[in-house]
């Protein structure tokens, strides 16, 4: 067997492996749902949880990791009402979704959270081991939800 045949085979294998890896990272296992109602829990200032009132949900999720959850929707309540009712979340860090989930713009959301144009609330602490669910809301009602590592794993 010639070395060029072996090298060609290795390159073909590497290209196929790379394509499969890219596909599994960006498309496989993800599901998009658009339920009419979706109960995203919110942690109340006084303790306990209750679902946030909203509509127009577009949800991205995967069973392979709790961190793959993202949601875009419209919240029905105002930010002043929500800050009196729900716990504000310290250090929100939205995670990047696949590029084809276009309603969730991490750069803009991160900048708006830092500048105060959006406010982040604790949806549910430890929705999975070491993972918090966070909801960010704008004045006009646009809302985004994601999951991020909490202090259990983030500081390690």
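Where a number appears in this text, it was derived from the coordinates with a stated rule and is not lab data. Predicted, not measured: the structure shown is a model, and the values here were computed from it. Cβ placement follows ideal geometry from the backbone for every residue including glycine, while neighbour counts extend to all protein chains displayed.
Between the range 95-156 and the range 55-80, how many Å separate their Cα centres? Using only Cα atoms, the two centres lie 9 Å from each other. In the chain, the convex hull through the Cα atoms has an average projected area of 12.0 nm², a quarter of its surface area.
Each of the peptides 137-143, 21-27, 119-125, 99-105 was scored by the mean count of other Cβ atoms within 10 Å over its residues; in descending order, highest first, they stand as 119-125, 137-143, 99-105, 21-27. Placing a label point 7 Å from the Cα of residue 78 along the Cα-to-Cβ direction, the residues of the range 110-143 whose backbone N falls under 20 Å from that point are 116-121, 136-143. Length available on full extension from residue 110 to residue 2: 0.36 nm per residue minus the Cα-Cα distance, which gives 33.5 nm.
Once the Kirkwood radius over Cα pairs is known for the range 83-142, the Stokes-Einstein relation at 4 °C and 1.567 mPa s delivers a diffusion coefficient of 105 µm²/s. Extension gain for the segment residue 26 to residue 88, taken as residue separation times 0.36 nm less the Cα-Cα distance, is 19.2 nm to one decimal. A prolate overall shape is assigned to the range 27-112, the ratio a/c of its alpha-carbon gyration tensor axes (a ≥ b ≥ c) being 1.5 or greater and a/b exceeding b/c.
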